[in-house]
Structures are given as C-alpha cells and as structure tokens.
Amino acid sequence: MNSPRTIRLNHPARGFTLIEIMVVMALIGVLMALSLNVSSAWKAQKLTAQARGVASECSQAVLMAQKDNFPVEIRFYQMPDDLGGGSATAFRAFQLVRLTGYNPTDGKAIYKNLTEVKYFEDDIILHETAEYTSIKNLPVQSPPEDAIPLRGAVRNYVSFMFLPNGTTTLTRTPDAVFTFVKENEMKTPDALPDNYRSMVLQPVTGHTTVY
C-alpha cells in the first residue's frame, strides 16, 4: 500500500509593505535627530566649560591683584594648532603673570609666572574678529628674551592687567567680549558658528559673566 504523499506548496517570499518601509525610515530619522542633538549638546558643553575656565582665572586674578597689591596680567597667546605648520594662527592659550618691578638697568618690566600656560581644549579658539573678541584691538606684543617656547616656538601675545583697586587696563566702555568657538565649525572668518559661548568682562570691576 502506497503511503500518502505530502504536497508542499512554494509560496513566493513576502516583501516589505509600504507602511513598514515608512515606519523604518521614520525611526532612522528620529535616531539621526537624536544623534545630532547629543553632538550639539556635547559641543556646547565644551565651549561653556572653556569660557567658565577663563572667567574663573579672571576672578582669581582680581583677588590676587588686591591681595598682593601688584597688578596681575593675563596673556592670550597666538599660535597654530597642535598640527603645527600650515594651520591658522589664533588665540589658543592663556596665562596669568604678575608685574613685580622694573629692571634698574634698562627699565624693562619684570614678571613672575603665576600659572602655567593653559591651552584651550577640543579645537577651541577665540573668534578672530574684534566685534566678537575685544582683545583683537589690543597691540600684539613680542615675547621677552627669556620666554618659554610654546609648542616648539616662542609666541606673540596680547594682554591686559587687573589692578589692585579692582579695575583693569582695558577701555572703560564698552564691556570686553571674549567669544569661544570651535575652529572646525567656522564657515567664514567674520561670522558666528551655530555653537559658541561668550564671556563678558566689565573693565571697571573685573566682573565676568558667561553667556
């Protein structure tokens, strides 16, 4: 007696429906939007931390100038990035020094380093236009003969002082602005990128605010 034969039907493979494809595309779009938001928040956090770091050093300079009764100078150094040759020169580091007196022989100012040179992190620089970074209007100074090389060379800088009476050597008005940006987000030299943070310094009081 012959056993019954099993008949198998071959069904064609089922494809995705239009609704399923649309759902997947919507999910991908949501994930991409979340990723962009996280990246933007991370960049903003880095800029905020850098601006607050400089503001903190300015507050410390005010206290030291008043306590020791000697002016405290803050210097912003111009240099290329970590890669060196071929990169743009910008303000990428700062340092506090103190005026301690003058050389009786040649009358040159004598300074003492109060802090190490502190480099801006994560490709952060000060914006290169005076509209957004007030110290661009200050004269560029050459490094002293005994200057320590920074990233392989001595660097020019601009500076101003915090005085023992609580004021600064900056022009009394308007308030000084320091705008921190990420260099790789600068589309044009004179415009603000999407992410930036500004520190505003009142020249008369030395008070700083980060926006």
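The values are calculated or read from the model by the stated rules, or taken from the named source; none is laboratory data. Please read all numbers here as calculations on a predicted model, not as lab measurements. So basically every Cβ, Gly included, is an ideal-geometry build from the backbone, and we count neighbours across all protein chains shown.
For region 165-180, the condition of being closer than 24 Å to Gln50 by Cα, in contact with a Ser or Thr (Cβ under 9 Å, 6 or more places away or on another chain) and acidic (Asp, Glu) holds for at least one residue. Kindly indicate whether Thr168 is crowded, with 18+ Cβ neighbours inside 10 Å, out of contact with any Lys or Arg (no Cβ under 7 Å at 6 or more places or on another chain) and within 30 Å of Leu99 (Cβ to Cβ). In short, yes. What about Asp146, is it out of contact with any Gly (no Cβ under 9 Å at 6 or more places or on another chain), free of Cβ contacts under 8 Å to residues at least 40 places away in the same chain, surrounded by fewer than 14 Cβ atoms within 10 Å (Cβ to Cβ) and of a type outside the set (Gly, Ala, Ser)? Criteria met by Asp146. Thr168: touching a residue at least 24 places away in the same chain (Cβ under 8 Å) and closer than 30 Å to Trp42 by Cα, yes or no? Taking the combined requirement at face value, the residue does not satisfy it. Are any of the residues in region 120-127 surrounded by fewer than 13 Cβ atoms within 10 Å (Cβ to Cβ) and touching a residue at least 24 places away in the same chain (Cβ under 8 Å)? Yes, the conditions are met somewhere in region 120-127.
Of the residues making up region 44-96, those that are under 14 Å from Gly152 (Cβ atoms), at pLDDT below 95 and either among the hydroxyl-bearing types (Ser, Thr, Tyr) or not in a loop (DSSP other than H, G, I, E, B) (or both) are Met79, Ser87, Thr89.
Rundown of residues vs (1) of a type in the set (Gly, Ala, Ser); (2) surrounded by 14 or more Cβ atoms within 10 Å (Cβ to Cβ); (3) closer than 21 Å to Thr209 by Cβ, yes/no style:
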{"position": "Ala55", "(1), (2), (3)": "yes, yes, yes"}
{"position": "Met64", "(1), (2), (3)": "no, yes, yes"}
{"position": "Val72", "(1), (2), (3)": "no, yes, yes"}
{"position": "Phe76", "(1), (2), (3)": "no, yes, yes"}
{"position": "Asp81", "(1), (2), (3)": "no, yes, no"}
{"position": "Phe91", "(1), (2), (3)": "no, yes, yes"}
{"position": "Phe94", "(1), (2), (3)": "no, yes, yes"}
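Do you know which of the residues in region 182-211 that are in a strand (DSSP E or B) and in contact with a His (Cβ under 8 Å, 6 or more places away or on another chain) is farthest from Val72 (Cα to Cα)? Of everything passing the filter in region 182-211, Tyr196 is farthest from Val72 (Cα to Cα).
Exactly one residue out of Glu121, Glu131, Glu116, Glu145 is among the charged types (D, E, K, R), under 16 Å from Thr89 (Cα atoms) and not in a strand (DSSP E or B): that is Glu121.
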